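Have a look at the structure below before the remarks.
Every number in this text was worked out from the coordinates using simple rules, so none of it is lab data. Just so it is clear, the structure is predicted and the values come from calculations on it, not from any experiment. Please note: Cβ atoms are built from the backbone with ideal geometry, for glycine as well, and neighbour counts cover all protein chains shown.
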Amino acid sequence: MDERRTVKVSKYLSRHLRHQPERIGLTPDSGGWVEIGALIAAAGAHGFPFTREELDRVVAANDKQRFVIDGTRIRASQGHSIEVDLGLPPVTPPPYLFHGTVARSLDAIRAEGLKPMNRHDVHLSADRETATRVGARRGRPVVLGVDAGAMHRDGHVFHVSANGVWLTKAVPPRYLRFPGPTDDGR
């Protein structure tokens, strides 16, 4: 499968496993799982056919590990806008996590902190490099430090998805570290 086809199938899966399963007649269970056979049949019936082999290649090749297969079922690892319970246990975060964004969002973030927007949780990265790549999807990236250790001590709950994305409901402004001229955001 060529790179363009891989990206198209991945985007299709993201749209229909994370945001709009009903658009192709899917009804995920409470954990976000759908039967692979039903997904492939629904995609084909709605003009986007792909094979199980293509699906397996997309899941295996995705550098962000956006999808998880469990036997005959598949779901997105995180990033849902539909109601799902991923069943992730609370975990103690590392002292610092990172969030990639762009400069045009900084005023709102300084005032309101990080909010999940149309998703269930704020997504954080364990390393600056990943946060940089995430921020770069929308322009020139700005990486914010998140004092996750202080948040955890103050009662905020963290989860980590199957693909290593750290999740929390929100990050109030007082826990954010904005990079300055000589500060790396930590």
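Listing T168, T72 from fewest to most neighbouring C-beta atoms within 10 Å gives T72, T168. You can think of it this way: the chain between F178 and D56 has 39.9 nm of extra reach, that is 0.36 nm per residue less the Cα-Cα gap. Which one is right for this structure if Cα extents along the principal axes in Å is calculated from it: [x] 40, 40, 34; [y] 53, 33, 25; [z] 54, 35, 29? Here Cα extents along the principal axes in Å agrees with entry [y].
To the nearest 10 degrees, how steeply does helix 52-61 sit against the main Cα axis of the chain, on a 0 to 90 scale? The two axes meet at around 20 degrees. Under the convention that each Lys and Arg Cβ holds +1 and each Asp and Glu Cβ holds -1, the size of the dipole of the chain around its Cα centre is about 560 debye. Using the rule -39500 (n - 2.57) for each DSSP H run of four or more residues, divided by the residues of the chain, the 222 nm mean residue ellipticity is -8000 deg cm²/dmol. What you get for region 3-76, charging only the Cβ of Lys and Arg (+1) and of Asp and Glu (-1), is a dipole of about 320 debye around the Cα centre.
Hey, how many Å between the Cα centroid of region 1-31 and the Cα centroid of region 112-186? The two parts, judged by their Cα centres, are 26 Å apart.
Across region 69-164, the volume of the C-alpha convex hull divided among the residues equals 120 Å³ per residue.
For region 90-97, 3J(HN,Hα) computed residue by residue from phi via the Karplus equation (6.51, -1.76, 1.60; θ = phi - 60°) reads x, 9, 7, x, x, x, 10, 10 Hz, glycine and proline entered as x. Between E22 and A111, the simple spin-label model (points 7 angstrom out along Cα→Cβ) gives 3.2 nm. Among R138, R66, a tally of other beta-carbon atoms within 10 Å of each Cβ gives an order, fewest to most, of R138, R66. Suppose R0 equals 22 Å; then what is the FRET efficiency for D85 and K64 from their Cβ-Cβ distance, rounded to the nearest 0.05? Given R0 = 22 Å and the Cβ-Cβ separation, E is 0.55.
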